[in-house]
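The values are calculated or read from the model by the stated rules, or taken from the named source; none is laboratory data. Keep in mind that what you see is a predicted model, and the values were worked out from it rather than measured. Here Cβ is always computed from backbone atoms with ideal geometry, including for glycine, and neighbour counts include all displayed protein chains.
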Amino acid sequence: MGYPLTLQLRDRRVLVVGGGRVAATRVCRLLADGAHVTVVAPEVGEVVAALVAEGRVTWLARGYQSTDLMQPQRAWLVHTATGDHTVDSEVADDCEGLGIWCVRADDGARSAAWSPAVANGSAGTPAEGLQIAVTGDRDPRRARAVRDAILAGLESGVLPVRRVRRVPGTTKPGRVYLVGGGPGDPGLLTVRGRALLAAADVVVADRLGPTDVLADLDPDVLVLDVGKRPGAHPVPQEEINALLVEHASAGRTVVRLKGGDPFVLGRGGEEALHCQAHGIPVEVVPGVTSAVSVPAAAGIPVTHRGITTSFVVSSAHDGGAVAAQAPLDATLVLLMGVSGIGETAARLMDAGRDPATPVAFIERGWTPTQRTTVTTLEKAAWAVEHEQVKSPAVVVVGDVVRLRETLGDLR
Ligand SMILES: C[S@@+](CC[C@H](N)C(=O)[O-])C[C@H]1O[C@@H](n2cnc3c(N)ncnc32)[C@H](O)[C@@H]1O
């Protein structure tokens with residue numbers, strides 16, 4: 001495979017034999033690293049010509065001569081890319097005799113050295129400050145493809161990476177990212193959300209959502225579990241708000257990881273307002289809401305041509321008061337609707353919903369223990385009791401539930 005090494009070429013002489021497209025790429029890269037570049041070639045392409053005109057490259061407008069390796073000073077490194085196998089071989093042989101590393105573009109297998117596919121991580125991503133260099137069986141196309149895949153994985157946060165550590169004293173002002181984690185499957189967390197998690201100093205996490213991804217975080221990331229369970233609120237909302245402000249004020253990058261979408265019955269708006277009121281910049285990263293994705297997982301589209309063109313999402317904490325005002329042909333999606341289903345169902349029937357309307361309870365959507373119970377409005381409370389339906393569950397009321405008979409689970 002060879003011995004990997006990174007060369008410091010600043011202010012060192014490098015000879016490039018050849019002046020075409022391949023040589024131009026090498027020349028640009030070498031100049032970016034601060035090398036003193038001499039090009040030897042009877043003719044050069046547009047790129048090299050422009051660099052020569054700018055005085056950034058020395059051009060010997062003739063064919064290669066062995067003395068070019070040593071004059072005016074010995075070259076530290078040589079690239080040969082003439083397009084002529086005989087010349088490239090001659091350059092490589094001369095280098096071999098003088099103990100100068102030579103990278104030949106014409107024949108990777110016979111080259112003494114070769115350059116990897118290289119990319120630098122973009123600022124503001126988890127790959128910031130990293131250089132990705134890939135070599136492998138001297139196949140440049142494969143190396144480039146692997147390089148791109150690694151870089152995309154690092155920048156998106158899909159590959160778990162160590163974060164870019166800040167140097168003490170250079171901390172930028174902290175920021176709060178309200179990240180929607182989706183319904184629980186890590187694959188349904190957005191690329192942006194994942195990248196921000198990989199760069200977080202502090203993660204304030206809910207019970208619902210993709211909690212598995214927390215295991216990929218650096219051990220020194222502070223993870224605060226503020227998850228709420230029905231009837232038990234381990235960390236009151238005011239305290240969550242205060243935690244966000246406290247950590248961001250100390251210059252930390254805070255990810256508030258919430259289940260589903262932060263702005264759908266998630267109190268994300270309150271958290272954003274609180275942070276802004278304390279001068280903390282906030283960014284929201286929308287998430288895949290359980291209101292739509294959990295019914296989908298159970299084979300229930302919330303709208304369907306010929307059945308309904310609208311759906312209403314509501315918290316059922318009000319006993320169905322708001323849902324009862326929805327148009328009768330709209331699908332109802334009720335969150336937090338399990339414990340109060342008796343009162344909710346009664347109110348919906350009072351408002352004119354047919355007692356035979358199909359109802360689905362989808363518990364723990366997008367997790368390995370997802371379970372769906374289908375019943376009717378008039379039997380909904382009994383079904384919850386009889387089937388021991390538990391929160392978290394999404395309740396869907398409407399004729400779209402019947403589609404599940406054909407579609408079945410879709411995850
Ligand atoms: C406080 S709300 C948060 C909703 C969230 N912001 C969203 O967009 O999905 C919590 C309720 O969402 C529903 N829920 C969230 N994730 C769920 C899941 N994976 N399976 C079933 N229900 C879920 C349940 O009704 C639960 O009681």
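Brief remarks follow.
- Residue count, the stretch 297-321 (criterion: over 21 Å from residue 411 (Cβ atoms) and either touching a residue at least 12 places away in the same chain (Cβ under 8 Å) or away from the ligand (no atom under 15 Å from the Cβ) (or both)): 14
- Every test in (1) under 24 Å from residue 179 (Cα atoms); (2) touching a Leu at 6+ places or on another chain (Cβ under 7 Å) is passed by residue 292 save one, and that test is (2).
Yes or no, residue by residue, for (1) in contact (Cβ under 8 Å) with a residue 24 or more places away in the chain; (2) of a type in the set (Asp, Glu); (3) on the phi > 0 side of the Ramachandran plot:
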{"position": "4", "(1), (2), (3)": "yes, no, no"}
{"position": "14", "(1), (2), (3)": "yes, no, no"}
{"position": "25", "(1), (2), (3)": "no, no, no"}
{"position": "36", "(1), (2), (3)": "yes, no, no"}
{"position": "43", "(1), (2), (3)": "yes, yes, no"}
{"position": "50", "(1), (2), (3)": "no, no, no"}
{"position": "62", "(1), (2), (3)": "no, no, no"}
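- Among residues of the stretch 267-296, those that are in contact (Cβ under 8 Å) with a residue 60 or more places away in the chain and of a type in the set (Asp, Glu), counted: 2
- Test result for residue 187, at pLDDT 85 or above, assigned to a helix (DSSP H, G or I) and surrounded by fewer than 18 Cβ atoms within 10 Å (Cβ to Cβ): yes
- Flag if residue 335 is within 16 Å of the ligand (Cβ to nearest atom), within 25 Å of the chain's Cα centre (by Cα) and in contact (Cβ under 8 Å) with a residue 60 or more places away in the chain: no
- Filter result (in contact (Cβ under 8 Å) with a residue 12 or more places away in the chain and out of contact with any Lys or Arg (no Cβ under 9 Å at 6 or more places or on another chain)) within the stretch 66-77: 66, 68, 69, 70
- Elements of type strands (runs of 3 or more DSSP E) in the stretch 1-112, at least 1 residues being in contact with a Cys (Cβ under 6 Å, 6 or more places away or on another chain): 77-80, 101-104
- Residue match in the stretch 393-408 (condition: assigned to a loop (DSSP other than H, G, I, E, B) and either within 12 Å of the ligand (Cβ to nearest atom) or of a type in the set (A, V, I, L, M, F, W, C) (or both)): no
- Contact annotation: residue pairs with Cβ atoms under 6 Å, 6 or more positions apart or on different chains, pairing a residue in the stretch 121-135 that is assigned by TED's automatic domain parsing to the domain that holds residue 147 with a partner that is among the aliphatic types (A, V, I, L, M) and modelled with pLDDT under 80, are 126/161; 128/164; 129/164.
- When the stretch 355-376 is limited to residues that are without any contact (Cβ under 8 Å) to a residue 40 or more places away in the chain and surrounded by 21 or more Cβ atoms within 10 Å (Cβ to Cβ), the one that is farthest from the ligand (Cβ to nearest atom) turns out to be 375.
- Of everything in the stretch 377-391 that is in a loop (DSSP other than H, G, I, E, B) and in contact with a strand residue (DSSP E or B) (Cβ under 7 Å, 6 or more places away or on another chain), the residue that is farthest from the ligand (Cβ to nearest atom) is 377.
- The stretch 284-334, residues that are within 13 Å of residue 353 (Cβ to Cβ), part of a loop (DSSP other than H, G, I, E, B) and modelled with pLDDT of 95 or more: 326, 327, 328, 329, 330
- Selection status of residue 284, away from the ligand (no atom under 16 Å from the Cβ), of a type in the set (Val, Ile, Thr) and outside the structural domain of residue 349 (by TED's automatic domain parsing): no
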